[in-house]
1. Say whether the condition of being more than 19 Å from the chain's Cα centre (by Cα), farther than 30 Å from His14 by Cα and of a type in the set (S, T, N, Q) is met by at least one residue in the stretch 31-48.
2. Step by step: first the residues of the stretch 36-80, then only those that are of a type in the set (Val, Ile, Thr) and open to solvent by 90 Å² or more (accessible area, probe 1.4 Å), then the one that is nearest to Gly26 (Cα to Cα). Which residue is that?
3. Among all residue pairs at least 6 apart or on different chains, which show Cβ distances below 7 Å where the first residue, located in the stretch 36-51, is over 28 Å from Thr78 (Cα atoms) and the second is open to solvent by less than 100 Å² (accessible area, probe 1.4 Å)?
4. Run down Ala52, Ala74 and say which single residue is in contact with a strand residue (DSSP E or B) (Cβ under 6 Å, 6 or more places away or on another chain) and of a type outside the set (Val, Ile, Thr).
5. Kindly provide the set of residues from the stretch 79-101 that are out of contact with any Lys or Arg (no Cβ under 9 Å at 6 or more places or on another chain), more than 12 Å from Tyr15 (Cα to Cα) and touching a residue at least 12 places away in the same chain (Cβ under 8 Å), ordered by number.
6. Residues that are more than 30 Å from His16 (Cβ to Cβ), at pLDDT 95 or above and not hydroxyl-bearing (Ser, Thr, Tyr): find the helices (runs of 4 or more DSSP H) completely inside the stretch 40-102 holding 1 or more of those.
Amino acid sequence: MAEDIIGRLDASPHYHSLVRRRSRLGWLLAAIMLGAFTVFTLLMAFEKQWMASPIGTGVTSIGVPIGMGLILFAIALTGLHVWRCNTVYDRELALIVAEVSA
């Protein structure tokens, strides 16, 4: 029974469309994160003096909030991915499974 459903699911064009869209989102978010980390790394490599300069009269350098922002950005992208999967892709997958199970 389960193998039959899996076979029909694999033959479903709706399922393959869902997989493509979900993969595209994952790769897009990964590329955005890679770009952000690359920019941060390049700043650390080539703008050391600027990244090490203190904020105001304190001892915290500019690089610290930028690094913290990068971490928060990664968390936000992860949250976006989870939200999209839970609200859109899981609902569509349930409809597709119901369709091929009938």
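1. yes
2. First pass over the stretch 36-80, keeping only residues of a type in the set (Val, Ile, Thr): 38-39, 41, 55, 57, 59-60, 62, 64, 66, 71, 75, 78.
The next check asks that each one be open to solvent by 90 Å² or more (accessible area, probe 1.4 Å); those that pass are 57, 59, 71, 75.
On the way: Thr57: 42, Val59: 38, Ile71: 18, Ile75: 14 Å.
So the residue we want is Ile75.
3. Here the result reads Trp50/Ile62, each pair linking the stretch 36-51 to a residue that is open to solvent by less than 100 Å² (accessible area, probe 1.4 Å).
4. The match here is Ala52.
5. Result: Leu80, His81.
6. Once the helices (runs of 4 or more DSSP H) in the stretch 40-102 are filtered for at least 1 residues that are more than 30 Å from His16 (Cβ to Cβ), at pLDDT 95 or above and not hydroxyl-bearing (Ser, Thr, Tyr), what remains is 48-52, 63-84.
The values are calculated or read from the model by the stated rules, or taken from the named source; none is laboratory data. Predicted, not measured: the structure shown is a model, and the values here were computed from it. We place every Cβ from the backbone using ideal geometry, glycine too, and count neighbours over all the protein chains shown. The protein model used for the area step is the full one, side chains on, heavy atoms only, and it has no ligands, DNA or RNA in it. Shrake-Rupley method; radii C 1.70, N 1.55, O 1.52, S 1.80 Å.
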